[in-house]
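Trainee: One structure, pasted below without further comment.
Only the coordinates and a few stated rules stand behind these numbers; no lab work does. Quick caveat: nothing in here was measured; it's all calculated off a predicted structure. FYI the Cβ positions are ideal-geometry reconstructions off the backbone, even for glycines, and counts take in every protein chain you see.
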Amino acid sequence: MSEEQRRTGLSSERGMALMGVLMLLLIVSAASSGLWVSAQTESAVAINHESAARASAAAEAGANHATDLTLRSLRQWRANGFATPSAAVTNLLLGPDGLGGTPATDADNGSLEALGIPRPPTRLVLAGPNQAAYSVRLLDEDDPNRGFALDPADQLRIGEDGQPTVDANSRVLIQATGFADNGTTTTLEVVIVPIAAPALLSDGDLIVQGHPSVLGTNGHVHSNGGLEVGGSADIDGNATAGGGYTEVGNPNIGGSTSGAALPIPVMDVHASDYRGLADLILTSAGQITDATTAVICDASADHGACAAAGYTWIYDGANGWRATALGANADDRTFYAETGLTITGNIGTSGNPWNVTLVAEGDIDISGNGKIEADTPGLLFVTDRDLQMTGGKDQVGAEAQILVREQASLAGNVSLRGQLIIQDAASVSDLVTASAMRGNASITNNGTLVGTSFSAASWREL
């Protein structure tokens, strides 16, 4: 091989090697670029997922916060001065100013700012470095601002009226929007609906023994604690508990039984919440006043002075007020007592039942016979302490609620219509030590009490 040929061959080999190196560098560069792009994409996807998760968590926080506030408000509709649950829902839809119909008055519609959540578009910023936040607004089911409009057939089906700030079915929507970085948002919608609580509901342990009856289409018994049903108890509906169910004897239970049932919310009972319903106040100093505190009668010195004036009540000093016979000026009244109340004797007859609602900061202790009927529609008794009913008091007329903060005991031939709710708060009084329904006591509930409680019925992401 000549020298020239050898040199040409070497040059060719060097050229091929250079091209190979260049191709290899191109492949490595392309792979590196691909890896870089992939890493950037994966990083962006991860950031978006993280942002979406933060927005979703913020929306859930807002929905939970608003649900808690809304339920607390609606469960106290009567104590808050509303005639119906629907009126309370309408008040929330109108917002703090109670007005609607113009851009200015509509700005706060559905706002919970009076309860602690800022008015949209202002957001409540959550703690943390990422500044996640949420906003909340309440809407009627037929409000077009919900994102779509209901046709007349749908409005009729759900019982609505086409007026976005006037409720017609005691239902309300919560829309909570969560915000995170990169403009990420998530919106959740919660539907709040009225529910009919059982005829007998306790947040603590409950005993139903002897031959008591819980009757009617809503004749259910529920305890969030333990429930013991014994003897020959007659329960038309379900007997359920969250803390264990025990059955002894031969009770007749028309529905299901369970010791591991979901809890049913029990309202926080405070007599003072219902003071505004009172026609007359029985003071701890021995006077009866009207709602403006003007003195109607004074029994501080002569304890029988108010009874003699026809107001039924006899002042008993530290023992509170007691009633033994119906006076002409005590009928068709709602009384608020700053003390406990004791009722004995046979007050009220079939032809003339005692039309009264009693709200007491102390115990309510009732014995004897007679007929009684709720004066404030849907509300018979409220007590901050214990309720004890023995004898044969018979409630007539429309169904009504009885709200007890501590414990309650029904015995004898007591007959009630409506609902007994027992909060089972820590005992201050020792009048009743364990909530129980015994003897031949009965409660009948046919579901005519509207909106005795509320609950979240559905939860969805929009």
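Trainee: Output the Kirkwood hydrodynamic radius of the chain, Cα pairs only, in Å rounded to one decimal.
Mentor: 26.2
Trainee: Compute the helix-to-body angle for 85-94: its Cα long axis versus the longest principal axis of the chain, expressed 0 to 90° and rounded to tens.
Mentor: 40
Trainee: How many nm separate the modelled label positions at Gln131 and Glu461, each set 7 Å beyond the Cα in the direction of the Cβ?
Mentor: Placing both labels 7 Å along Cα→Cβ, they lie 2.4 nm apart.
Trainee: A further question on this structure: Net charge near Phe179: determine it from the other residues with C-beta under 12 Å of the C-beta of Phe179, scoring Lys and Arg +1 and Asp and Glu -1.
Mentor: Details: positive: Arg54, Arg123; negative: Asp181.
So the environment of Phe179 carries a net charge of +1.
Trainee: Between Ser272 and Asp154, what is the spin-label point distance in nm, taking each point 7 Å from the Cα along the Cα→C-beta axis?
Mentor: For the pair Ser272/Asp154, the computed spacing is 4.6 nm.
Trainee: While we're here: Collect residues whose amide H, placed 1.01 Å from N in the peptide plane, falls under 5 Å from the amide H of Ala199; neighbours closer than 5 in sequence don't count.
Mentor: Residues meeting the criterion, in which the H sits 1.01 Å from N, are His220.
Trainee: Here's another thing I want to ask about it. Apply the Karplus curve 6.51 cos²θ - 1.76 cosθ + 1.60, θ = phi - 60°, to the phi angles in region 413-428 and return the couplings in whole Hz, x for Gly and Pro.
Mentor: 10, 4, 10, 10, 10, x, 8, 10, 10, 10, 6, 6, 5, 3, 6, 9
Trainee: Is the shape of region 364-454 rounded, prolate or oblate, going by the alpha carbon gyration tensor and its root eigenvalues a ≥ b ≥ c, with a/c under 1.5 for rounded and a/b larger than b/c for prolate?
Mentor: oblate
Trainee: Using Cα atoms only, what is the angle between the long axis of helix 3-75 and the major principal axis of the chain, expressed in degrees (0 to 90) to the nearest 10?
Mentor: The angle comes out at about 10 degrees.
Trainee: Could you compute the net charge surrounding Ser458? Neighbours are other residues with a C-beta less than 12 Å from the C-beta of Ser458; K and R count +1, D and E count -1.
Mentor: -1
Trainee: Give me Ile117, Ile296, Ile158 ranked fewest to most by other Cβ atoms within 10 Å of their Cβ, as a rough exposure proxy.
Mentor: Ile158, Ile296, Ile117
Trainee: Then there's this: Kindly write out, for region 244-259 in residue order, the coupling ³J(HN,Hα) from the Karplus curve 6.51 cos²θ - 1.76 cosθ + 1.60 (θ = phi - 60°), rounded to whole Hz, with x marking Gly and Pro.
Mentor: Per-residue couplings from phi come out as x, 10, 10, 10, 10, x, 10, x, 10, 10, x, x, 8, 10, 7, x Hz.
Trainee: Helix-derived [θ] at 222 nm for the chain: sum -39500 (n - 2.57) over DSSP H runs of at least 4, divide by residue count, nearest 500?
Mentor: Here the helix-only value at 222 nm equals -7500 deg cm²/dmol.
Trainee: Past the 21 angstrom mark, what percentage of all C-alpha to C-alpha distances in region 267-446 do you count? It would help to have the intermediate numbers written out before the result.
Mentor: On the way: 6829 of 16110 pairs.
I get 42 percent for the Cα pairs in region 267-446 exceeding 21 Å.
Trainee: Report the extension gain between Ala107 and Asn446 in nm, rounded to one decimal, defined as 0.36 nm multiplied by the number of residues separating them, less their alpha carbon distance.
Mentor: 117.9 nm
Trainee: Moving on to the next point. Net charge near Thr246: determine it from the other residues with C-beta under 15 Å of the C-beta of Thr246, scoring Lys and Arg +1 and Asp and Glu -1.
Mentor: Within the 15 Å Cβ shell, the charges total -3.
Trainee: Just for the chain, what percent of DSSP beta bridges are antiparallel, to the closest 5?
Mentor: 35
Trainee: Work out, step by step, the length gained on full extension between Ala325 and Ser427: first 0.36 nm times the residue separation, then minus their alpha carbon distance; give nm to one decimal.
Mentor: 33.7 nm
Trainee: Here's something else I'd like to know. Which whole-Hz couplings ³J(HN,Hα) result when phi for each residue of region 215-224 is put into the Karplus expression 6.51 cos²θ - 1.76 cosθ + 1.60, θ = phi - 60°, listed in order with x for Gly and Pro?
Mentor: Result, rounded to whole Hz: 10, x, 5, 10, x, 9, 10, 9, 10, 6.
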